[in-house]
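Q: Before we start, here is the structure in question, set down as structure tokens.
Bear in mind that the values in this text are calculations on the coordinates, not laboratory data. What you see is a predicted model, and the numbers here were worked out from it, not measured in a lab. Here the Cβ positions follow ideal geometry from the backbone for every residue, glycine too, while neighbour counts run over all protein chains shown.
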Amino acid sequence: MRFEAHWETTASPSQVWDVLADGWRYPGWVVGASRMRAVDPEWPAPGTRIHHSVGLWPFLIDDHTEVLEADPGKALTLIARAKGFGRARIEIQVRPDGVGSVIEMGEHLASPPMSWFPQSVVELAAVPRNRECIRRLALLAESPSHPGDGSTAPTLG
């Protein structure tokens, strides 16, 4: 798959993977995902799913995303569904780069009706959306209050 979106981050590949591996954080970085309903306990093992909603309340569509392949710390391949719109194959790669990493994301529509459109047309909407997704992913991974790093979240006061 060709990766249409790239983002450089100061976060290490393991920090990025920590966000990807926490299914409950999915709406924090995926544009359009509005809430989580359930996460399979073994996520992100191949065959596991996260159950989420897309859209804006009260117009929400409940659906799921499934892991096709996972290479911890390096790559994640998902099949995302959106009822009425079909399925999309999404590939995310993370590779070390200097003191941080580069995140790459590509999307290919895998079923009708959206797959009837040429990929070049689909990319007009998908590339900016995917770039925003990986920008958000990087921001979560760079967060000083990232779970597991021993720090605490700032408080208002």
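Q: Report the far tail of the P(r) of the stretch 35-98, meaning the percent of Cα-Cα pairs longer than 15 Å. Can you show the working numbers first?
A: Numbers: 1132 of 2016 pairs.
So the portion of pairs separated by more than 15 Å is 56 percent.
Q: Using the Karplus curve 6.51 cos²θ - 1.76 cosθ + 1.60 with θ = phi - 60°, what ³J(HN,Hα) values do you get for each residue of the stretch 4-11, in whole Hz, with x for Gly and Pro?
A: Once rounded to whole Hz, the list reads 7, 10, 9, 8, 8, 9, 7, 6.
Q: What are the ³J(HN,Hα) couplings of the stretch 30-35, residue after residue, when phi is run through the Karplus curve with 6.51, -1.76, 1.60 and θ = phi - 60°? Round to Hz, x for glycine and proline.
A: 8, 5, x, 6, 10, 7
Q: Among residues other than residue 47 whose Cβ falls under 14 Å from its Cβ, what is the net charge (Lys/Arg +1, Asp/Glu -1)?
A: Details: positive: 49; negative: 40, 42, 66, 69.
Cβ neighbours under 14 Å give a net charge of -3.
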